[in-house]
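The values are calculated or read from the model by the stated rules, or taken from the named source; none is laboratory data. Only a predicted model underlies this, so the values are computations on that prediction, with no experimental measurement involved. Neighbour counts are summed over all protein chains in view; Cβ atoms, including those assigned to glycine, are modelled from backbone coordinates with ideal geometry.
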Amino acid sequence: MTDQNIPVVILCGGMGTRLREETEFKPKPMVEIGGRPILWHIMKIYAHYGYRRFILCLGYKGNIIKDYFVTYEAMSNDFTIHLGQQNKLTYQSDHAEQNFEVTLVDTGLRTMTGGRVKRIERFIETDTVLVTYGDGLADLDIGELVNFHRSHGKLATLTASRPPSRYGILDLTDGGQILRFREKVQADWINGGFFVFDRGIFDYLDQNCVLEQEPLERLAAEGQLMAFRHEGFWIGMDTYREYEMLNRIWDSGQAPWKVW
């Protein structure tokens with residue numbers, strides 16, 4: 001199958017407790033950046049590189065995500081509605097999200113990340129699957145990521161990112177004198193999500209596992225996990241502070257992740 005048939009699995013089921021100001025009434029992937037859910041932004045990144053088949057792993061308040069897509073055409077287009085027995089809806093405009101295929105799967109309220117991926121195995125027909133979180137944005141070249149995964153022949157690739165530290169770094173003497181103050185120093189490499197897996201990943205998963213624990217640890221121990229280094233923009237929207245920052249960036253008109 002061509003690259004375009006590779007599905008993108010997006011983990012949308014978490015409760016987002018650290019963003020309670022926004023997630024009390026909606027799931028975190030539906031928290032809006034610039035008037036659109038962060039989930040929409042993530043899907044637009046993948047679609048820009050030709051990946052338009054999505055599988056959404058739902059959990060907490062998943063019905064809100066279902067409602068969003070069920071009503072997407074009407075909410076995103078001008079239309080004429082004919083009332084009465086011959087009820088008919090005629091769309092008068094076209095939105096930009098053409099030929100998207102979105103499969104919405106209830107993977108359980110409290111299921112862990114690995115369990116959610118395992119529960120959508122029956123929908124995967126390709127040898128490769130893309131997986132990401134429903135709260136992360138990056139100016140990542142998905143095509144380069146997939147090419148890197150294919151080049152090394154291992155089972156799994158994760159995107160390694162180095163976000164700037166949120167705190168200033170102090171170099172201190174034993175007596176407490178500050179020798180150097182460094183603001184916004186880059187942190188160590190972290191798991192930035194944006195995974196590429198061969199379908200053999202499902203052999204490492206069960207219905208209750210945490211993807212970032214035993215499965216990835218085992219893959220690393222077996223030499224089957226590689227890192228695609230991403231030096232550019234990356235952020236995971238974990239807190240209200242990050243939610244506000246992303247909206248400020250979008251409002252500036254210079255959002256790095258807006259590659260479409």
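Observations, loosely collected:
- Selection count, region 133-155, where residues are among the β-branched types (V, I, T) and over 23 Å from G14 (Cβ atoms): 1
- Test: Q4 is closer than 29 Å to D127 by Cα, surrounded by fewer than 16 Cβ atoms within 10 Å (Cβ to Cβ) and modelled with pLDDT under 90: yes
- Top-ranked residue in region 225-260 [being assigned to a loop (DSSP other than H, G, I, E, B) and either of a type in the set (A, V, I, L, M) or surrounded by 19 or more Cβ atoms within 10 Å (Cβ to Cβ) (or both); ranked as nearest to the chain's Cα centre (by Cα)]: M237
- Screening region 88-122 for residues that are small (G, A, S) and out of contact with any helix residue (DSSP H, G or I) (no Cβ under 6 Å at 6 or more places or on another chain) and picking the one that is surrounded by the most Cβ atoms within 10 Å (Cβ to Cβ) gives G115.
- Enumeration of residues in region 149-196 that are at pLDDT below 75 and within 19 Å of D135 (Cβ to Cβ): P164, R166, A187
- Scanning region 198-214 for residues that are more than 19 Å from the chain's Cα centre (by Cα) and among the acidic types (D, E) returns D203, D206, E214.
- Qualifying residue in region 66-76 (condition: among the hydroxyl-bearing types (S, T, Y), exposed (fewer than 14 other Cβ atoms within 10 Å of the Cβ) and more than 22 Å from F195 (Cα to Cα)): yes
- Restricting R20, R36 to residues that are under 16 Å from L137 (Cβ atoms) and surrounded by fewer than 15 Cβ atoms within 10 Å (Cβ to Cβ) narrows the list to R36.
- Scanning region 8-17 for residues that are surrounded by fewer than 20 Cβ atoms within 10 Å (Cβ to Cβ) and touching a Gly at 6+ places or on another chain (Cβ under 6 Å) yields a total of 0.
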